[in-house]
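Following: one structure in structure tokens, then a few remarks.
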Amino acid sequence: MPRGSKDKYTAEQKRKAEHIEESYEQKGVSKDEAEARAWATVNKQSGGGERAGGSGRKKPASAKSADRKESARRAVATREGKPRSSKASRDTQTVDSLMKEARAKKIPGRSSMRKQELIEALRRAG
């Protein structure tokens, strides 16, 4: 059985937990286990009780939004095949992306180079 008071949860979270619990019980999970799984699911999805005095671990909405925008911007750049802006990040790039960058800079002998050699050649090429 889950520990702690459920007073800090919203009515919506309580309904969601109840619905999830019923679903688990229909699948043959014991009542206690179903309740524990339901509250774990609600906590995972919403970060716990929403009323004042919660865990305080969630980011403010504006920071979360900014993170999403930055992530989307990086994803678009990756799809377009643009190299990462930071030269230090080459260590985390794939050989394919390094090869594309080397091809764009017309580095001779790139086809026979290993990853570290590609990184060094790209650093020298500027």
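See the values below:
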{"item": "Test for Val29: is it β-branched (Val, Ile, Thr), surrounded by 10 or more Cβ atoms within 10 Å (Cβ to Cβ), at pLDDT 85 or above and touching a Gly at 6+ places or on another chain (Cβ under 9 Å)", "result": "no"}
{"item": "Answer residue from the range 63-88, given it is in a helix (DSSP H, G or I) and at pLDDT below 70 and is surrounded by the fewest Cβ atoms within 10 Å (Cβ to Cβ) among those", "result": "Ala88"}
{"item": "Identity of the residue in the range 1-26, exposed (fewer than 15 other Cβ atoms within 10 Å of the Cβ) and acidic (Asp, Glu), that ends up farthest from Gly49 (Cα to Cα)", "result": "Glu22"}
{"item": "Per-region count, the range 92-108, residues surrounded by 10 or more Cβ atoms within 10 Å (Cβ to Cβ) and either modelled with pLDDT of 90 or more or assigned to a helix (DSSP H, G or I) (or both)", "result": "11"}
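The values are calculated or read from the model by the stated rules, or taken from the named source; none is laboratory data. Note that the structure is a prediction, hence the values are computed from the model and not measured. Backbone-built Cβ (ideal geometry, glycine too); neighbour counts: all protein chains shown.
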